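Trainee: After the structure tokens below, expect a handful of questions from me.
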Amino acid sequence: MIGLTHFLILGGVLFACGLLTVLTRRHAIGILMGVELMLNAANLNLVAFNHYSEPGRLDGQVFALFVIVIAAAEAATALAIFSELLQQLRFGGRGPGDGTERISPHVHDTRPDLPASADPAWDKPIVVGLGDVGSGNRCPGI
């Protein structure tokens, strides 16, 4: 018969594998997989303790469900942060979709020897709003 000890040993092995994965991986996805293993080990222990301590109640299952929801939110948030960091590394903080596009895409520097990062249009800030109210200038970026 499978008892509580078997579930606790399995949970400990799962947690140890997850911890080893977190400590040895260098990539974010591998680290997230290790964190998920550790959370699943905690879920296994919660459900096993609930089953063997109070068989009629569902406290362990409810807590395990909360852990699963939190793990999903954590994974989604981490992947969003990593994708934003990847976009920052690719485009240098400036690029498609971040509001710093050129006002007129038809006006550009025609010198072929200039690299894209040395384009003078990227060095000017785009101001959207009231602009310099004191001098009477109207939205210089528009």
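Every read-out reported here was derived from the displayed coordinates using simple, explicitly stated rules and does not represent laboratory data. Fair warning: this is a prediction, and the values are worked out from it, not measured in the lab. Backbone-built Cβ (ideal geometry, glycine too); neighbour counts: all protein chains shown.
Trainee: May I ask you to compute the full-extension gain from VAL62 to ALA76, defined as 0.36 nm times their residue separation minus their alpha-carbon distance, rounded to one decimal in nm?
Mentor: 2.9 nm
Trainee: Just to confirm the filter: which chymotrypsin sites (Phe, Trp or Tyr not before Pro) across the range 1-89 are DSSP coil and have at most 12 other Cβ within 10 angstrom of their Cβ?
Mentor: Listed in order of number, the matching sites amount to none.
Trainee: Determine the gain in length on full extension of the stretch MET33-ARG90; use 0.36 nm per residue of separation and subtract their C-alpha separation, reporting nm with one decimal.
Mentor: Result: 18.0 nm gained on full extension.
Trainee: How much length is gained on full extension from VAL22 to HIS51, taking 0.36 nm per residue of separation minus their Cα-Cα distance?
Mentor: Here the segment from VAL22 to HIS51 would lengthen by 7.5 nm.
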